[in-house]
1. Assuming a ≥ b ≥ c are the square roots of the Cα gyration tensor eigenvalues, decide whether segment 49-177 counts as rounded (a/c under 1.5), prolate (otherwise, with a/b larger than b/c) or oblate.
2. Between beta-carbons, use under 15 Å as the cut-off and find the net charge around Glu162, counting Lys and Arg +1, Asp and Glu -1.
3. Which whole-number value in Å³ per residue fits the convex hull of the alpha carbons of segment 121-177?
4. Among residues other than Glu114 whose Cβ falls under 14 Å from its Cβ, what is the net charge (Lys/Arg +1, Asp/Glu -1)?
5. What FRET efficiency, computed as 1/(1 + (r/R0)^6) with R0 = 25 Å and r the Cβ-Cβ distance, is obtained for Glu62 and Gln4, rounded to the nearest 0.05?
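Coordinate-derived values only; no laboratory data. Nothing here was measured: the structure is a model prediction, and the numbers come from that model. Reconstructed Cβ throughout: ideal geometry from the backbone, glycine too, with neighbour counts over all protein chains shown.
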Amino acid sequence: MTVQSPAFLLRVANALIEEVEQKTDSVLEAARTLERREGFMESLKGAMAAGALVGELKRNLELAMQLADRAARMGASAGDEELTPSAVKARALFQLGVIAVGQRNFKEAVRFFEQSLNETPTQATYLNMAYCFLQMKGWFTDRTADAIKALERCVELDPESELAVLAGKELARLGRL
């Protein structure tokens, strides 16, 4: 395997995404801590530090998508289902959506989740998109119908999974079960 082979590019892209996934929890916790802080200057300093880290995470995800695109142009083979260019791009877009949710930017999160679904539909993406639609209620146009569709699609993909049960609980709360 050479440095410029599609398989290597996908492995590097995947490693970048895994690194972001590990750091995302820390960033989200930092954001929650900032919301609870009372000192303005401390909050401002923390927000700037968290913003820099979020910027770094986004750059890594954009780089991962560029590598996936390059691997696709080079004719990456689908030998490993998780390391196809489409699956790698879907994971990167999903993580961008998670970051947007952490920033309470639900419209942007939905946009990333929709792009992720266009690459590779997953239950987690449908479920997170539904949560965004429900959070947007009252801020923008009512997206409850869209949330219901996303929750139903999540269940349809694998009714036996834990994510399906979470989606089912939301559907029950919405009076749809």
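1. It comes out oblate by the Cα gyration axes.
2. Neighbourhood net charge equals -2.
3. 66 Å³
4. Working: positive: Lys89, Lys107, Arg111, Arg143, Lys149, Arg153; negative: Glu108, Glu119, Asp146.
The answer is +3.
5. Numbers: r = 20 Å, r/R0 = 0.78.
The computed FRET efficiency comes out at 0.80.
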